Amino acid sequence: MSAVLVSKENNQAVFTVEIPAEDFRKAIQTAYTKNKHHFSLPGFRKGKVPRSMLERNYGADLFYEDAINEVLPKAFDDAVEELSLFPVAQPEVDVDDIEKDKDLKIKFTVDVKPEPVLGDYEGQEVEVHKYEVTDEQVDRQLEEQREQNARMVPVEREAKDADIATIDFKGFVNDEPFDGGEAEDYELTLGSGSFIPGFEEQLIGHKSGDSFAVNVTFPEDYHENLAGKEARFDVVIKQLREKQLPDADDDFAMDVSDFDTLDEYKADIRAKLQEEVDKRKKIERENAAVQKLIEVSEISVPASMVDHQIDHEYQDLERDMAQMGIGMDQYMKILQKDMDAVREELRPKAEQRLKADLLLEELKKKLEPEVTDEEMDAQLEEMVAEMADDQKEEYRKFLREHHMEALKENRKTQKAVEALVASMQFTEVEHDHDHDHDHEHDHADEAEASESQEENE
């Protein structure tokens, strides 16, 4: 067999293969042997018809297609190895007209792995967000702890904003009760905006034991059978409670932490926030450095490769939705999108991920980062640290036998990224600190928000 590379450009290779006539004759005989049991002719039992008789009756090309399928896989594999190609998709196949006792000529067209060219990344200037721990963030964390340790205390006074009212209510439209308009012992935080507009405000000023009517108008975007209609709710306040927060003092610090003073506790809060900030800064700088590498380098990715990556991204999305208790049909209904639209939205992410992976692979070839046995031992210890002592050794052995090469390769990638970050110049710019804990918006966030909105309606 001989292989000739015709062209290789734009991540696509075209090459030809010639199968010797003798090899193709053997493939035809193999095809006949595998398929003869399907045929019968007068005077012959099924499966016993000689090949020459079948070809005479059905045509000389009777077994050509099966014979071609016999030789194709090995011909393709041998050719890409000989030509040092790395296919990333199934090839298109074009077979020349077959002539008896002539070599078989096949042309393959296939997408191949991109060969990126690293750009001049060293010294590149990159903007990243400025992260710092502020007094306001420390106080906010402290307030959250106070909220979590608050007591709900019954009160005998008129209801006011932020009280928790335990109520019975029954709703009427045109003096007729409606489905879903009745509840007992319902806990409503006044001012939360969780009920029909105008309802909570009319509880303000009433006391425990009061019975009264609340008149509201359902919003126009409410459920169809109630939208825009006027309604009356007969309400009984059974109990009023207010939230009492513990004082932020040394006693509180001792109750919720291992520290004896409030100052020590706040210092610990600040230290933990700083750890989060440092991790966030590291991740953002790494992501920004890789993005800059993509921008300055030469790389394109074939659509077939991107489509394959989209399959993986879609599976990840499907798993994330399942963990939230949302099926893909329900997810697409929530977002009012079909599968094609969802997959298309995943395309930019899939393409960027492929470009990053390919460029980092090229960067590793250039930098040749070394990973020592000591480093890998330390990584294994991190991975087993949270396990029970009697399970650690067994898991270490499992990782060493089955995942060591992959772990080592991941460590080399991390070292390459660290070197990339160290080679660039970063400028910190101010950003909205109210969103310090935000994560990248994705489909899961969108679906969860939509589902929550539906539940509140």
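The values are calculated or read from the model by the stated rules, or taken from the named source; none is laboratory data. Quick caveat, the model's predicted, so the values are computed rather than measured. With ideal geometry, Cβ positions are generated from the backbone for all residues, glycine too; neighbour counts draw on all protein chains shown.
For the subset of segment 399-430 comprising residues that are in a helix (DSSP H, G or I) and exposed (fewer than 11 other Cβ atoms within 10 Å of the Cβ), which member is nearest to the chain's Cα centre (by Cα)?
A406
Taking segment 192-221 on its own, how many of its residues are assigned to a loop (DSSP other than H, G, I, E, B) and among the hydroxyl-bearing types (S, T, Y)? Residues flagged as assigned to a loop (DSSP other than H, G, I, E, B) and among the hydroxyl-bearing types (S, T, Y) within segment 192-221 amount to 3. Taking each residue of segment 76-105 that is closer than 24 Å to N11 by Cα and looking for partners that are basic (K, R) and surrounded by 15 or more Cβ atoms within 10 Å (Cβ to Cβ) with beta-carbon atoms closer than 8 Å, six or more apart or interchain, yields F86/K113; P87/K113; V88/K113; V93/K107; D94/K107; V95/K105; V95/K107.
When V133, V128, V117, V110 are screened for being surrounded by fewer than 16 Cβ atoms within 10 Å (Cβ to Cβ) and of a type outside the set (D, E, K, R), only V117 passes. Residue pairs whose Cβ atoms lie under 6 Å apart, sitting 6 or more positions apart in sequence or on different chains, and linking a residue in segment 353-381 that is buried (at least 17 other Cβ atoms within 10 Å of the Cβ) to a partner that is of a type in the set (D, E) and at pLDDT 95 or above, do not occur here.
Here the condition is being modelled with pLDDT of 95 or more, farther than 19 Å from R411 by Cα and within 21 Å of the chain's Cα centre (by Cα); of R347, R353, it holds for R347 alone.
Listed by first and then second residue, the pairs linking a residue in segment 107-125 that is farther than 17 Å from D78 by Cα to a residue that is β-branched (V, I, T) and outside any loop (DSSP other than H, G, I, E, B), with Cβ atoms under 7 Å apart and 6 or more places separating them unless they lie on different chains, are G119/V296; D120/V296; Y121/V296; Q124/V296; E125/T427. Would it be correct to say that G209 is of a type outside the set (D, E), surrounded by fewer than 12 Cβ atoms within 10 Å (Cβ to Cβ) and at positive phi? Judged against the criteria, G209 is a match.
Among residues of segment 161-187 that are not assigned by TED's automatic domain parsing to the domain that holds F233 and surrounded by 15 or more Cβ atoms within 10 Å (Cβ to Cβ), none has a Cβ under 6 angstrom from a residue that is β-branched (V, I, T) and modelled with pLDDT of 95 or more at a sequence gap of 6+ or on a separate chain.
Condition check ((1) within 30 Å of S300 (Cα to Cα); (2) assigned to a loop (DSSP other than H, G, I, E, B)) across all residues:
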site	(1), (2)
S7	yes, no
T16	yes, no
D23	no, no
I28	no, no
H37	no, no
K46	no, yes
A75	yes, no
